[in-house]
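Here's the structure, in structure tokens; my notes come after.
The values are calculated or read from the model by the stated rules, or taken from the named source; none is laboratory data. This is a predicted model, so every value here is computed, not measured. Backbone-built Cβ (ideal geometry, glycine too); neighbour counts: all protein chains shown. Please note that ligands, DNA and RNA were not included when accessible areas were found on the heavy atoms of the full protein model with its side chains. Shrake-Rupley method; radii C 1.70, N 1.55, O 1.52, S 1.80 Å.
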Amino acid sequence: MFCNNCGSKIDDGQLFCPACGAKQGSMTDNNPAASGDQKQKKPVKKFVLIGVILLLLAACAGGAVFALKYFSAGARTERLLTQGEQYISEKEYDLAEAAFREALEIAPDSADAYKGLVKVYEKTDDTDALMAVLEEAVEATGDKYFSRKLGSIEDDNRRSDVETAEMIREAVLADIADGVLTGRDDLVVKKGKVTTIDETYKGLGSPAKGYNFVAHYDADYGICYVSLNGFVLTSNDGINEYMEYDGELEDREDLALLASLFDPGDSSAVITPDGEDHPGLVTSESVHLTMWFPITEGDVERHAYEAAIAEMAEEYPGITLDWEAYEREAYKTRIKAAVAADELPDIFVTWSGAFLQDFVDAGRVYCLDDYYPDYCNDLPEGMLSTSTYAGKHYGIPINYNAVVLYANMDVLAEVGYDEIPSTYNDLIECCEALKKKGIYAFSCAGNEVWCVSEYLETIFLKTIGSDPLNEIFLGRATWNNPGIADSVDMLQGMISDYFDPDGINMSNEDVKTAFMNGDFAFYINGTWNCIEFSFYNIEVGEMPVIDSRYAGNGSFIGGPSEVIAVAESSARRELAAQYGFELAKRISFHGYLEGNGLPSWRIYDEDESGYRLLRDSIEMCTDAKMFVLYGDTAMGYYDFITYYDYLSMVYDSSMDGQEFAEALTIDIR
């Protein structure tokens, strides 16, 4: 044993070193064989070191997690959005723009970043940048907020352009009267140059970047108007209208067409719907009528209503219309309360289908059968089918859309078809031919129930017929119809055999893009797609009849869902009915021009819009025998919710046809 201080050799068990006198430890400190009753000394320093290391590692790990969270793409985007909003509140708009743009570099489809940029450009009154970012946002996000905002701004710009064009036209007419301008063919010229906003009348206003006003005049026909990049604009005492003209006005034939649309020699002529004024509306005394409608200032249909009401005021000065507009959801409550209290206005806009039927059943709506014959030449009776109950007409249609069959002709050409199949057997043969070539016939956004309904309701219609389906949708017949179950099974079979399986994970916008790009052949959807599809080799047609025992051609899902009705309690219901027809005709006309759907009324002998699919759809649908409203529109609210619940189980075959029919038979009245 050795001293633990000086190292001198000492005897075992000796407590003190004889050399240095240092106290020695217990025997167990240096003798592992000592008694087991003594505990070994713990390596304290080693455990402390390990603890410190573990703490440091934990701190590093926590820091890494914090850094990961702090510097992750989502977190950086959120910080940039917050910074952008802060900069807006501080009016540091350049910094705000930079923050939102940086956020978009991280998250290119961030709707919040785009909304931030919209705020910046609105605050700085940068209209060009605002329009550009809205178009960019529509493309990147598909968010309807941006498309609605873009449409609203374009509408405001168009109205401004119309007002500017009217000032130009008045100046042109004044110059013509003073002999400053002379007519050469259809163009106003001054010193041999076409007169545009940028030349002679530069001080009167300026259109959007890249657009150009041109003043047109022809002395022989007495026509003077102003166009803006293919749009003909004019006004009449502040009522602004426009029509789109396809092509250049180059010859006398074009001028003759314009002469039929404008009143020759009248410098304030305005395009108006065809049809004679109704003599019953010419009154010798001042009359007031009241009207309600669910079209507020921000709605796209608002301008069509305002223009039509203003025209009526000018044409029938003895009648004053006192109107009130409501937000749509608030209007539903308001109109139902008025029906219950029998306090409806003289004229009101309502939804057709089950919504109007409840009012008719309550005896609150005036029958229009005595007045329709005066308008039957301009208003096809099929357009009244969505507001006809027990064979009587109660609504005056305005605009509408319908579900149609679109075909990509480039895809069909790959299997030898140059037209849309006209029979159901031909359609299936075409689908088989496409399948053999590895081409999908259809696709559908399977997770968007309304898209599935466009397909299934069309098959319902062409299987059981329009009248039985309408009765089912309105709750007057049971869903226990064999054709309902067969239709569900048929659609599920087509989905299995002919549909792109990726459709169930796609949005409708993605499906539309794929269709336009030629990824599949057929697409069943609404006529609101006509303008966009007109730029592709796409044709429009009617879904073929599936069971000719019950169904036929000339019937469509859709039709006028908003109509004008007259209160039975109105003291002037006869006058109100005539006024309602005339007003609906004008709203339909203006609404069509502004892209609010197809016109229920025969307004043109030939469509001049330049969008061929619109023209073809109008021609196909105008003389339809019957429209059956979309199921979600025709039904009452609770029935519609139940219907959609079961409809959501159709596309992935969670429920077969028989189960679908039985469930709805039980759960819907």
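Overview of values
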| read-out | value |
| --- | --- |
| Length gained when the stretch Ala413-Glu432 is fully extended (0.36 nm per residue, less Cα-Cα span) | 5.4 nm |
| Local electrostatic count, Met312, Cβ distance below 9 Å [Lys/Arg +1, Asp/Glu -1] | -3 |
| Surface accessible to a 1.4 Å probe, Thr82 within the full protein complex, Å² | 90 Å² |
| Gain on full stretching of the segment that runs from Ala330 to Ser422 - 0.36 nm per residue minus C-alpha separation | 28.7 nm |
| Probe 1.4 Å - accessible area at His288, Å² to nearest ten | 110 Å² |
| Contour minus Cα-Cα distance for Ala98 and Asp342 (0.36 nm per residue) | 82.0 nm |
| Solvent-accessible heavy-atom area per residue, rounded to whole Å², over segment 380-529 at 1.4 Å | 35 Å² |
| Cα radius of gyration and Dmax for segment 468-568 (Å) | 17.2, 53 |
| Debye log10 I(q)/I(0) at q = 0.22 Å⁻¹ for segment 377-440, Cα point scatterers | -0.86 |
| Accessible surface ranking that places the most exposed of Ile484, Ile618 first, with a 1.4 angstrom probe | Ile618, Ile484 |
| In segment 80-160, the trypsin sites (Lys or Arg not before Pro) that fall in loop regions by DSSP, at most 11 other Cβ within 10 Å | Lys91 |
| Label-to-label distance, nm, for residues given as Asp467 and Asp547 (7 Å Cα→Cβ offset) | 1.6 nm |
| Rounded FRET efficiency, nearest 0.05, which uses the C-beta distance separating Gln658 from Glu90 and R0 of 51 Å | 0.20 |
| Cβ-based net charge around Ile398, under 10 Å, with every Lys or Arg adding one and every Asp or Glu removing one | 0 |
| Asn377-Asn480 FRET efficiency (beta carbon distance; Förster radius 56 Å; 0.05 resolution) | 0.85 |
| At R0 = 45 Å, FRET efficiency that the Cβ-Cβ distance of Asp369 and Arg76 yields, to 0.05 | 0.10 |
| Local electrostatic count at Ser561 - Lys and Arg +1, Asp and Glu -1, tallied over other residues with Cβ under 13 Å | -2 |
| Unsatisfied cross-links (Cα-Cα over 24 Å) in the set Lys435/Lys512; Lys437/Lys512; Lys119/Lys144; Lys332/Lys512 | Lys332/Lys512 |
| Segment 500-633: relative contact order in percent, alpha carbon pairs under 8 Å with at least 6 residues between | 33 percent |
| Greater than 25 Å apart at Cα, pairs in Lys91/Lys115; Lys462/Lys625; Lys149/Lys336 | Lys149/Lys336 |
| Where Ser648, Ser534, Ser588, Ser422 fall by accessible area, highest first, once all protein chains stay in place (1.4 Å) | Ser422, Ser648, Ser534, Ser588 |
